[in-house]
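So that we are looking at the same thing, I have put the structure below in structure tokens.
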Amino acid sequence: MRLLVAVPHFEPDVAPTGAVATRLVRELAARDHRIEVVTSLPWYLDHKVEEGHEGRLVRHEDTPWGRITRVHPFPASDKMNLFRRAGSYLGFSTLSAAVGMRAGEADGILAMSPPLTLGVTGWFLARQKNAPYVFNVQDVFPDIAIELGYFTNPRVIKATARLERWCYDHADAVTVLSDDLRDNVGGKTRRPDKVRVIPNFVDTDVIVPADPQNSYRREYGLSGKTV
């Protein structure tokens, strides 16, 4: 199949969702699918576009299994500035939709949240390509922002909750990581039956226990303590 994947991060970016997206794409490619990835320029580590990737809004990279298109993430250096972060998400998602529209034909669309705005990007691309659309939810917004006290304005909460429900309702399928997330998301869509649980992987040949007495403990005075 020909797949179009819109994700917030991809290798060499070090964000956790980038690790998930990269492995997912590589496993799909190993099954002989052709994939076009639309993602951001690497920026997560220092919240600015990494050296060597500056100077252009869009960069293309051809791979044996397809193409990676990286767009400017408009990073917000201050994570607590919610309006700046919202602007970053909106700019990145809009640019992703624009470049994704110019990609080739697709038999399926996959978009990943957060950011929630990529849910709109995925829906738009699915409409343009006349393809089914899967929305992969790694974290539930605005719930987490409300619980952490980042969102307190009732109008902001109502608007983001309405966007969240819209994104779930307009996806052909929604995938979440656990049963409790399925209950959460399923209660916000008119079609709870389309919410599926697909836990994130762990490669037990790569992720293995390390020596607990390590440099991190020494640096922060934690040697011999339960952490």
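In segment 132-160, which residues are open to solvent by 10 Å² or more (accessible area, probe 1.4 Å) and modelled with pLDDT of 95 or more?
132, 134, 136, 138
Just one of (1) outside any loop (DSSP other than H, G, I, E, B); (2) touching a residue at least 12 places away in the same chain (Cβ under 8 Å); (3) open to solvent by 100 Å² or more (accessible area, probe 1.4 Å) trips up residue 190, so point out which.
Going through (1) outside any loop (DSSP other than H, G, I, E, B); (2) touching a residue at least 12 places away in the same chain (Cβ under 8 Å); (3) open to solvent by 100 Å² or more (accessible area, probe 1.4 Å) one by one, residue 190 breaks only (1).
Sticking with this structure for a sec: Anything in segment 193-227 that is closer than 17 Å to residue 134 by Cβ and either out of contact with any helix residue (DSSP H, G or I) (no Cβ under 9 Å at 6 or more places or on another chain) or loosely packed, with under 11 Cβ neighbours inside 10 Å (or both)? List them, or say none.
Passing the criteria: 193, 198, 199.
I would also like to ask the following. Just wondering, is there one or more residues in segment 153-167 that are in contact with a strand residue (DSSP E or B) (Cβ under 8 Å, 6 or more places away or on another chain) and under 25 Å from residue 24 (Cα atoms)?
Checked against the condition, which is being in contact with a strand residue (DSSP E or B) (Cβ under 8 Å, 6 or more places away or on another chain) and under 25 Å from residue 24 (Cα atoms), segment 153-167 yields at least one hit.
A follow-up question, please. Looking at (1) modelled with pLDDT of 95 or more; (2) aromatic (Phe, Trp, Tyr); (3) surrounded by fewer than 16 Cβ atoms within 10 Å (Cβ to Cβ), find the lone condition where residue 168 falls short.
Every condition holds for residue 168 apart from (3).
On the basis of being open to solvent by less than 40 Å² (accessible area, probe 1.4 Å), over 17 Å from residue 25 (Cβ atoms), among the aliphatic types (A, V, I, L, M) and in a helix (DSSP H, G or I), does residue 95 make the cut?
Spelling it out, residue 95 is indeed open to solvent by less than 40 Å² (accessible area, probe 1.4 Å), over 17 Å from residue 25 (Cβ atoms), among the aliphatic types (A, V, I, L, M) and in a helix (DSSP H, G or I).
If we keep just the residues of segment 104-131 that are out of contact with any Phe, Trp or Tyr (no Cβ under 9 Å at 6 or more places or on another chain) and open to solvent by 20 Å² or more (accessible area, probe 1.4 Å), which is nearest to residue 197 (Cα to Cα)?
Result: 107.
Please work out which residue is least open to solvent (accessible area, probe 1.4 Å), limiting yourself to segment 1-19 and to residues that are in a helix (DSSP H, G or I) and under 23 Å from residue 124 (Cα atoms).
That would be 18.
Being of a type outside the set (Ser, Thr, Tyr), outside any strand (DSSP E or B), in contact (Cβ under 8 Å) with a residue 12 or more places away in the chain and farther than 19 Å from residue 35 by Cα narrows it down to one residue among 100, 87; which is it?
87
Quickly run through segment 20-32 and pick out the residues that are without any contact (Cβ under 8 Å) to a residue 60 or more places away in the chain and either acidic (Asp, Glu) or open to solvent by less than 40 Å² (accessible area, probe 1.4 Å) (or both).
22, 25, 27, 29, 32 - these are the residues of segment 20-32 that are without any contact (Cβ under 8 Å) to a residue 60 or more places away in the chain and either acidic (Asp, Glu) or open to solvent by less than 40 Å² (accessible area, probe 1.4 Å) (or both).
The values are calculated or read from the model by the stated rules, or taken from the named source; none is laboratory data. Remember, it's a predicted structure, so these values are computed and weren't measured experimentally. With ideal geometry, Cβ positions are generated from the backbone for all residues, glycine too; neighbour counts draw on all protein chains shown. We work out accessible area using only protein heavy atoms, side chains counted, and drop any ligands, DNA or RNA first. Shrake-Rupley method; radii C 1.70, N 1.55, O 1.52, S 1.80 Å.
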